[in-house]
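First the structure, in the form of structure tokens, and then the observations on it.
The values are calculated or read from the model by the stated rules, or taken from the named source; none is laboratory data. Here the structure is a predicted model, which means the values were calculated and not measured. When we count neighbours, we look across all protein chains shown, and the Cβ atoms used for this are built from the backbone with ideal geometry, even at glycine. Heads up: the accessible areas ignore ligands, DNA and RNA and are worked out on the full protein's heavy atoms, side chains in. Shrake-Rupley method; radii C 1.70, N 1.55, O 1.52, S 1.80 Å.
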Amino acid sequence: MGWKDLVRSVRDMALGRRAAPEPAEELTNYQFLLRDYDLHSLFLHDEIPRLYGERDAMRRAWQERDFAAYRAAFEAARAEGDLAENGKPRYLLVKDWFLEEFMAIPDSDDAGPRHEALLDGFASYFREDRCPSRRRPMPMRSG
């Protein structure tokens, strides 16, 4: 036990805090900083005000199973190629917002039918979209 640990334990006793249990494995320097300074991570893609409209539109598109709106938003964001303030490409945020409900289903043995039920609408959209009589021309990428 070093001085830092001794001072922390005396401070915690004086403030009536319980000592935190020692972690089972060695922490990284990053994890030490988070613990020592009581820092917490946030899902920053939900906290970017300029993207609230796009976020809400993608959540609404999922609820309405409007896959055409998702595809259009995804392709537009990909074509623009910009990054959000959290450093993530905007097209990935569009995908995350759209699939949020799907990804929230816990990974368990009985989750398969729930996932499949949600994917049926997606599959039928892409079958119809691939039909030659309904196919929309895809923009050509230069490069």
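What is the sum of charges around A76, taking Lys and Arg as +1, Asp and Glu as -1, for the other residues whose C-beta is under 10 Å from the C-beta of A76? Intermediate results must be reported in sequence, preceding the final value.
Working: positive: R71, R78, R90; negative: E54, E75, E80.
Once positives and negatives cancel, what remains is 0.
Of the accessible area of region 72-127, computed with a 1.4 Å probe over protein heavy atoms only, carbon and sulfur atoms account for 57 percent. Each of H115 and L92 was given a label point 7 Å from its Cα along the Cα-to-Cβ line. The distance between the two points is 2.1 nm. Which far-off residues, 5 or more places away or on another chain, put their amide H under 5 Å from the one on A84, with H placed in the peptide plane? Amide H neighbours of A84, under 5 Å, 5+ apart: R90.
Shown is the FRET efficiency for L33 and R78, computed with R0 = 30 Å from the Cβ-Cβ distance and rounded to the nearest 0.05: 0.30.
Label sites at E26 and M13, each approximated as a point 7 angstrom past Cα along Cα to Cβ, lie 3.0 nm apart.
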